[in-house]
Amino acid sequence: MPGHNQFQLLGQRRFLPFFVTQCFGAFNDNVYRQAIIGLLFWLGVSPEQRTLYTNLAPALFIAPYFLFSATAGQIAEKLEKSRLIRITTTMEIVIMSLAAVGFLTQSMTVLLVALFCTGLQSTLFGPVKYSILPAVLKPEELTGGNGLVEMGTSLSILTGMIFGGLVFKLAGDHGPEVAATAIIALAVAGNLVSRAIPRAEAGAPGLAINWNPLPESLAILRMARRQLAVRNAILGVSWFWFVGTVLTSQLPTYAEVNLGGAETLYIFALALFSVGTGVGSVLCEKLSARTVEIGLVPLGAFGMSAFMLDLYFARSGAAAVSGLDVAGFLAQPGGWRVAMDLVGIGLFTGFFVVPLFALIQSRTPKDELSRVIAAMNIQNAAFIVLAAVLGIVVQRFLGWTIPQVFLALMVANVLVAIYIFTLVPEFLMRFLSWVLVRSLYRLELHGIERNVPDEGPALVVCNHVSYMDALILSASIPRPVRFVMYYRIFNIPVMRWIFRTGKAIPIAGVREDRALMEQAFDAIDAALAEGEIVGIFPEGRLTTDGEIAAFKSGVERVLARAAAAGRPVPVVPMALRGMWSSMWSHRDDRMGRMRAPRRFRAHVGVVAGEPVSGVEVTAGMLEAKVRALRGDAA
């Protein structure tokens, strides 16, 4: 709706306590991990011991994702979600109390044990973190909610690393005490906030938990692969973690060797990437018009690659000077270019990953979502380990420089993107339709959030003004829509690929192709039986005079067939306003030629009326409702 945006969620109890809780968790994890590094320097341990920690600590933290994700997914499916979050934040208090003992006694063994337990706690929290969102948000809020979560996570990680890295520098002799106090206080704060999270019902309260992790891990991995779009969205999220791991793990050395700075410049570079990711994440809702717009995923993928390529050319060799602070670096030739590249990579990373999370949440059955998220976490962990191993191999054994690693990552990113979009053409189809619609029109939506069902079958009926009507409705309705369209429109070159990929249903008149017409009615009935939304233009053709033609009786046949099968569907009347002057309509059409539009970014209204029962609906009744919704705004 006009005037609505994701930031309004931050003022609502259904979202704000959860958002703050997960930010506290991400912040505290990174304070703790950086404070351990600070303790090592504070104690003056040898470089060999620090190297041992930097190799051992990530392995200890990520191991629970492989060992316990399957169990965590089942628990998140079975338990009421706010209760599980309180349990995990209580665990955090206990774990951080153990870590505090490690700081006070300066025992690395205790700190590493606590770090493993922190990984376990994060493993348990992961499935509920993303499965709670579709339980408390409307479908049209998923993109915005995920954008806020990703922004909060990115900035919490960044600020946590900065705070944790400064504890021992600023506290001096009292560093262990300050670190111990801080991590416990943050854990307690997160737990207190979590108690305000409202109840969110379990996805599968009757689920029998299989405590054997190996067969259950294989089972949830198979579950996550059932739907092609979801499977490849998970692959995309894992690739996001791969790219992020490669980039962030190289930044400390890159800042020193290639940018000519030290720790301060590394933090600055990390901040640029993190802020870019946060901004890109929250922009997704604006760009997608509050739908799950997977068309942003190709935009994100190729935008990431473009900025990674430019980053290579911006600084492909070692820095000419060293010891630079942030201002000194920016004053160097190409300094601002590198900074903009890091922001750009982060920005398009946000465009890439947020719609993928929203797609996974919207298309996975609610009683399987936590386990699918757990499967995704297993795969994410594998990609993170792979990224770390490959980073070591290509530099130590192949002698690659960090800019060369970035260049190789760019090439790999393009190849992975092409692979995903080839397997699931829907991603690229949505991108093309998103570019077309957002370039030509400025959509004004009315009543869609309130009147289009969040789940279950529905029949959408709308007036038919232009060749762009189906794409405009697709961009306006949060859920995927199977459109029924005249086969000649369906077969328009280029557009045909978009319509087929979007699973449109071609239909012909009885005199033109009776067999195709019957196939269309069968496909419509099957789609409604599977709980999908089907869109119909009951006029049967584009308007030739701007007026709404009489609705044909085919819509009655669709509804009667569903009712006879004992599954009547609601009908949502919709109307397009302002499309008659479009270059894609038949206004002033002579010999089939199209005209240039009067202006780009024209305002087009998309209006949805209240759903009506499909049991005794007539074509004339629906026509009258659509006429009333459109009014005089042809």
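Points worth noting:
- Once region 307-331 is narrowed to residues that are assigned to a loop (DSSP other than H, G, I, E, B) and in contact with a helix residue (DSSP H, G or I) (Cβ under 9 Å, 6 or more places away or on another chain), the residue that is surrounded by the most Cβ atoms within 10 Å (Cβ to Cβ) is 315.
- Residue check for residue 383: in contact (Cβ under 8 Å) with a residue 12 or more places away in the chain, in contact with a Leu (Cβ under 6 Å, 6 or more places away or on another chain) and aromatic (Phe, Trp, Tyr): no
- Residue pairs whose Cβ atoms lie under 7 Å apart, sitting 6 or more positions apart in sequence or on different chains, and linking a residue in region 46-72 that is charged (D, E, K, R) to a partner that is buried (at least 19 other Cβ atoms within 10 Å of the Cβ) and part of a helix (DSSP H, G or I), are 50/40.
- Hits in region 528-542 - residues which are assigned to a helix (DSSP H, G or I) and out of contact with any helix residue (DSSP H, G or I) (no Cβ under 6 Å at 6 or more places or on another chain): 529
- Helices (runs of 4 or more DSSP H) contained entirely in region 48-165, each with at least 3 residues that are more than 30 Å from residue 292 (Cβ to Cβ): 81-105, 108-131
- Tabulated pairs, region 248-268, first within 15 Å of residue 331 (Cα to Cα), second surrounded by 21 or more Cβ atoms within 10 Å (Cβ to Cβ) and among the aromatic types (Phe, Trp, Tyr), C-beta under 7 angstrom, 6+ apart or interchain: 259/329; 260/329; 261/329; 265/329
- For the residues 302, 273, 268, the requirement of being assigned to a helix (DSSP H, G or I), farther than 24 Å from residue 322 by Cα and not acidic (Asp, Glu) singles out 302.
- Taking region 179-226 as the range and being within 21 Å of residue 89 (Cα to Cα) and basic (Lys, Arg) as the test, the residues that pass are 195, 199.
- For residue 450, the conditions (1) touching a strand residue (DSSP E or B) at 6+ places or on another chain (Cβ under 8 Å); (2) crowded, with 18+ Cβ neighbours inside 10 Å; (3) modelled with pLDDT under 90 are fulfilled apart from (2).
- Test: residue 527 is under 21 Å from residue 615 (Cα atoms), surrounded by fewer than 21 Cβ atoms within 10 Å (Cβ to Cβ) and of a type outside the set (S, T, N, Q): yes
- Hits in region 543-569 - residues which are part of a loop (DSSP other than H, G, I, E, B) and buried (at least 19 other Cβ atoms within 10 Å of the Cβ): 543, 548, 551, 569
The values are calculated or read from the model by the stated rules, or taken from the named source; none is laboratory data. A quick note: this is a predicted structure, and the numbers were derived from the prediction, not measured. So basically every Cβ, Gly included, is an ideal-geometry build from the backbone, and we count neighbours across all protein chains shown.
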